[in-house]
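Everything below concerns the one structure shown next.
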8 protein chains.
Amino acid sequence: MSYKVYLSGEIHTDWRQQIIQGCESRGLDISFSSAVTVHEASDAAGDGLGAEDKQFWRDHKSAKVNAIRISNAIKNCDMAIVRFGDKYRQWNAAFDAGFCAALGKPYITLHDDCLIHALKEVDGAAQAWATTPEQVVEILEYLVSDS
Amino acid sequence: MSYKVYLSGEIHTDWRQQIIQGCESRGLDISFSSAVTVHEASDAAGDGLGAEDKQFWRDHKSAKVNAIRISNAIKNCDMAIVRFGDKYRQWNAAFDAGFCAALGKPYITLHDDCLIHALKEVDGAAQAWATTPEQVVEILEYLVSDS
Amino acid sequence: MSYKVYLSGEIHTDWRQQIIQGCESRGLDISFSSAVTVHEASDAAGDGLGAEDKQFWRDHKSAKVNAIRISNAIKNCDMAIVRFGDKYRQWNAAFDAGFCAALGKPYITLHDDCLIHALKEVDGAAQAWATTPEQVVEILEYLVSDS
Amino acid sequence: MSYKVYLSGEIHTDWRQQIIQGCESRGLDISFSSAVTVHEASDAAGDGLGAEDKQFWRDHKSAKVNAIRISNAIKNCDMAIVRFGDKYRQWNAAFDAGFCAALGKPYITLHDDCLIHALKEVDGAAQAWATTPEQVVEILEYLVSDS
Amino acid sequence: MSYKVYLSGEIHTDWRQQIIQGCESRGLDISFSSAVTVHEASDAAGDGLGAEDKQFWRDHKSAKVNAIRISNAIKNCDMAIVRFGDKYRQWNAAFDAGFCAALGKPYITLHDDCLIHALKEVDGAAQAWATTPEQVVEILEYLVSDS
Amino acid sequence: MSYKVYLSGEIHTDWRQQIIQGCESRGLDISFSSAVTVHEASDAAGDGLGAEDKQFWRDHKSAKVNAIRISNAIKNCDMAIVRFGDKYRQWNAAFDAGFCAALGKPYITLHDDCLIHALKEVDGAAQAWATTPEQVVEILEYLVSDS
Amino acid sequence: MSYKVYLSGEIHTDWRQQIIQGCESRGLDISFSSAVTVHEASDAAGDGLGAEDKQFWRDHKSAKVNAIRISNAIKNCDMAIVRFGDKYRQWNAAFDAGFCAALGKPYITLHDDCLIHALKEVDGAAQAWATTPEQVVEILEYLVSDS
Amino acid sequence: MSYKVYLSGEIHTDWRQQIIQGCESRGLDISFSSAVTVHEASDAAGDGLGAEDKQFWRDHKSAKVNAIRISNAIKNCDMAIVRFGDKYRQWNAAFDAGFCAALGKPYITLHDDCLIHALKEVDGAAQAWATTPEQVVEILEYLVSDS
């Protein structure tokens, strides 16, 4: 069985690479998609359409360009992994989780114990909560296994 | 024209009351819905179903009971107002915004300037960004006006 | 707030009456729907359309007449309560739960501890698991409360 | 013509193998999907995410991991075969049937005569009722035939 | 319980009146909708938009005006009754049945024995087949009964 | 029968009033919705959310506020009338028509002969083409008639 | 561009072959699907599931097996051709057309002039009306052309 | 990542070729679809189905044949580019934009500064506004990039 997995959230640690490499090393037939994760490139996604004086509109233009990629990736995926790190507010990750929930796309959250209470609504609509990328890889291996 | 408006997010200031009273004082035909906003009651929503030793499962049970109310309210609304305050992570508000976006429910964000960059994805899918409850009331008055 | 609640499952105990009367005694604005719960009438739902020699077709005709009522009720409800008793196989209750899950209709299961393992898939897609009608009434009161 | 068929239900007899081998021996272009059918592995699907003291939560975690696989398989299939054996309550099979019905996915039930009355609602929403795997293979051969 | 029932098909006998009066005499809370059933008015529905030389375009304009009413009525109904008489080809009735089937709207066919083979696909997607308006009234009474 | 009709397009002539008054004078049970049709108010819909230096963003903010009202009105209507006048490009009217078409909402266009070729795609997805408000009123009277 | 075309209706003339061969001879990248068109095989589709005494149930079982194939084919197609011949009532063809219409699948009707009035509702929801298979081939060639 | 992009609107300049060649020269895995853009062929799309005396019906037949291709292309695309030139009313482009908006298909508009006010509703529902084909190519390159 093959799976398409969307990876949402934190961009400051290498959790994506850990999951992708973990799946590759086990030979799983899984393809991954993601928002553009290079911070500067993502923030500048709309800059080519003309400069803006106000921060709001610069951010707005980039966010809407990025949304093309993100919404397509979520609509096309079989499931998502939504990662919350210790820093920053990461509202985009929670937004993606809500988007998945409304579309009926199953997702797994990936975060530490200390965020349990703050993420209870996001976890409540998730299919599972993992604390390490390795746990996610194991779940994925199970999901695509032959029997 | 009558409107059903879902109010999502921050529960530590009186922004809901300001919007509701502002609409009432102008005689607008708008009904409002919301999650249960009494913090302790919300956290205890699932307690009647049996005690839990682990924080995760207590939160989980309450979050899933609350989700019945929230998802019904969003599915039944014409639009939502999503408020982000200065404190806490408020991932549930971002989750609601993503849920609205996926369902095609229009929403307006309500937050200060200092959150512009952190909320760019949430604002990018919104129909408007307001900074005060009074602005929201004015938009609502406009939306339900006769012509 | 008003709610429409579909009551699915066991017809041999008075759990429906307990929930309905519990809500009435608390003055909740909740309307209930249900399949026809008179066993003989339900089994004979299609008899007026002509007699059948084979049990399969008699059952089939009645089941499809009943399905008109059930599918309409589920599509129109805000949420469902799905009850599993100790006797009989009650596959119709599990079928209703799956129907709710696919439509995104939230439901609460109502069953004893001894059925936990057998019902794990049905509980896994539920928003809550209750063991008494009184617990269900409390959740409903919470869900339709003003704040 | 190629078909994707989801096989739901009983895991204690070899009905899946009979159908798969029957289709292979006739050279039919049909791919099959299924939940994980190794009982112990299925019950332990969520164990890697942390141990649980209570049976309910252990089952819950595993059931929700399994639901990722099952819901994806049903959403991607052309049709399902839903098997009910003589033992156990098999509520998951009835749940899958309801899920199919709500999504408009056609399904065929596979069970003995003695279950006719108990399964009348599940059969009522099915496209056909078969009593042997061989009958199912014949229907599948017919469905994917050139004319 | 109240029901909205769409009445489709034959316009040359009084089956609609029999059903409506039968329901009224039993005090059922059922509202009925229908295409315009005055043959000349229906054929002339588009005439006010300008005369046409070709029969095809005159029919086309009227059919598309009528389709506004019919598609709205079907989308808003709880169920439909689809009547096939002995005369004429009544392709519009079969079209309505297919429209209902694709939307998941339950319908009951109403026709004589002699049409069984010709209507097998239409009956195959129906929830029931009746031969008299009185049978339909009985089913409706059952469907909206209190328990 | 009652109908909800959305009136889209030209704001420089009194076609809306003619249709509304025509329906009132015939006693039809039809409610009408519309975008805000006061040109200056519509252009200023977002001004209360803060001034903009660039024309694009002022227009953008107002258009997105107006879109809340318009998309809700279209989603809630039974049908739409889309009017194209002789002046201006009226791309918003064509946009509304496309929006209706994708949602399966029937609409009638209202325009002069001289626009036939330019509007062929918009007319192609319409249920009818009218040239006068009086024709529209006649169609509406027909659609909501008792039989 | 490649297209998937469902061919519905009459099985007593070779219109399917004419269209398929016409497309092949022009080298068009079009795949065709269809119900089983061997009359006896189609009528006997359910016979393997057990004999029936009543004509209604024999037809019912076969019709529902055939419906698996037909509904899948329509849901997967880009468009349909719906053919009405001179003989028989062909209600299944009109049913398929209604099914397409409700799903938003475009279809072209194929029939003689003499059926214009009887088919006005079916033609009213069609994208085109053709009188010969050759016309259909020309339209298909146009639809899949490079520009 | 691969993308399917629908190109809508103006047919009198070479903006399509610029975008397609720009993507090819950068080696992007993007496939493009479009309406038939040869003006005479498009206007004559329905001519093979029989001559018409009235301009309206000739246009109507061609528009509805073209709509088969256009609606399929939009439903199958990941996103659209909607181009408005300086000449003509181009209502079909605005219609396509509304169609995309209702389906949740993201689109980018491509037009000059002088059309900002006239296109504010169309731009309001767009994910971005570009003024040159080169800008569109840059956005597409960004969207399909590996990270």
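The values are calculated or read from the model by the stated rules, or taken from the named source; none is laboratory data. Note that the structure is a prediction, hence the values are computed from the model and not measured. Glycine gets a Cβ as well: all are built from the backbone with ideal geometry, and neighbour counts include every protein chain shown.
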For this session: Tell me which residues, restricted to segment C:76-109, are of a type in the set (Lys, Arg) and in contact with a helix residue (DSSP H, G or I) (Cβ under 9 Å, 6 or more places away or on another chain).
Result: C:ARG83, C:ARG89, C:LYS105
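Let's see how each residue does on (1) touching a residue at least 24 places away in the same chain (Cβ under 8 Å); (2) more than 27 Å from A:ASP53 (Cα to Cα); (3) of a type in the set (A, V, I, L, M, F, W, C):
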{"residue": "F:ALA45", "(1), (2), (3)": "no, no, yes"}
{"residue": "F:ARG58", "(1), (2), (3)": "no, no, no"}
{"residue": "F:ILE70", "(1), (2), (3)": "yes, yes, yes"}
{"residue": "F:LYS75", "(1), (2), (3)": "yes, yes, no"}
For this session: Please work out which residue is surrounded by the most Cβ atoms within 10 Å (Cβ to Cβ), limiting yourself to segment A:130-147 and to residues that are more than 7 Å from every other protein chain (Cβ to nearest Cβ) and not in a helix (DSSP H, G or I).
Result: A:VAL144
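For C:SER8, are the conditions met, namely being at pLDDT below 95 and within 20 Å of C:GLY104 (Cα to Cα)? Steps first, answer last, please.
Details: at pLDDT below 95: no; within 20 Å of C:GLY104 (Cα to Cα): yes.
Against the criterion (at pLDDT below 95 and within 20 Å of C:GLY104 (Cα to Cα)), C:SER8 does not qualify.
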Problem set entry | Sole exception among (1) away from chain G (no Cβ under 13 Å); (2) of a type outside the set (Lys, Arg); (3) out of contact with any Ser or Thr (no Cβ under 6 Å at 6 or more places or on another chain) for E:LEU7, by number | (3)
For this session: Output yes when any residue across segment D:21-32 is within 14 Å of chain C (Cβ to nearest Cβ), in contact with a Gly (Cβ under 9 Å, 6 or more places away or on another chain), surrounded by fewer than 23 Cβ atoms within 10 Å (Cβ to Cβ) and modelled with pLDDT of 95 or more, and no when none is.
Result: no
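When segment E:33-43 is examined, which residues are found to be in contact with a Leu (Cβ under 8 Å, 6 or more places away or on another chain) and surrounded by 19 or more Cβ atoms within 10 Å (Cβ to Cβ)? Break it down into steps so the answer makes sense when it comes.
First pass over segment E:33-43, keeping only residues in contact with a Leu (Cβ under 8 Å, 6 or more places away or on another chain): E:33-34.
The answer is E:SER34, and nothing else.
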For this session: Among the numbered conditions (1) closer than 16 Å to B:VAL36 by Cβ; (2) within 7 Å of another protein chain (Cβ to nearest Cβ); (3) of a type in the set (A, V, I, L, M, F, W, C), tell me where B:ILE74 comes up short.
Result: (2)
Exercise. Got a number for residues in segment E:21-43 being under 27 Å from E:LYS64 (Cβ atoms) and part of a strand (DSSP E or B)?
Worked result: 4
Problem set entry | Hits in segment H:1-20 (condition: assigned to a loop (DSSP other than H, G, I, E, B) and in contact (Cβ under 8 Å) with a residue 24 or more places away in the chain) | H:MET1, H:SER2, H:GLU10, H:ILE11, H:HIS12, H:THR13
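One line per residue, one yes/no per condition, for (1) modelled with pLDDT of 95 or more; (2) more than 11 Å from chain E (Cβ to nearest Cβ):
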residue: G:ARG83; (1), (2): yes, yes
residue: G:GLN90; (1), (2): no, no
residue: G:ALA94; (1), (2): yes, no
residue: G:GLY98; (1), (2): yes, no
residue: G:LEU103; (1), (2): yes, no
residue: G:PRO106; (1), (2): yes, yes
residue: G:ALA118; (1), (2): yes, no
residue: G:GLY124; (1), (2): yes, no
residue: G:GLN127; (1), (2): yes, yes
Problem set entry | Index of the failed condition, H:SER62 passing every other in (1) more than 27 Å from A:ASN72 (Cα to Cα); (2) touching a residue at least 40 places away in the same chain (Cβ under 8 Å); (3) polar (S, T, N, Q) | (2)
For this session: Give the residues of segment F:83-121 that are touching a Cys at 6+ places or on another chain (Cβ under 9 Å), closer than 16 Å to H:ARG89 by Cα and crowded, with 23+ Cβ neighbours inside 10 Å, sorted by residue number.
Result: F:GLY98
Exercise. Does any residue in segment D:99-120 that is in contact (Cβ under 8 Å) with a residue 24 or more places away in the chain and closer than 14 Å to C:TRP57 by Cα come within less than 8 Å, Cβ to Cβ, of a residue that is of a type in the set (S, T, N, Q) and not in a helix (DSSP H, G or I) six or more places away or on a different chain, and which pairs are these?
Worked result: D:LEU119/D:THR109
Problem set entry | Positions within segment A:33-66 being more than 8 Å from every other protein chain (Cβ to nearest Cβ), closer than 18 Å to A:GLU10 by Cα and not hydrophobic (A, V, I, L, M, F, W, C), in sequence order | A:HIS39, A:GLU40, A:SER42, A:ASP43
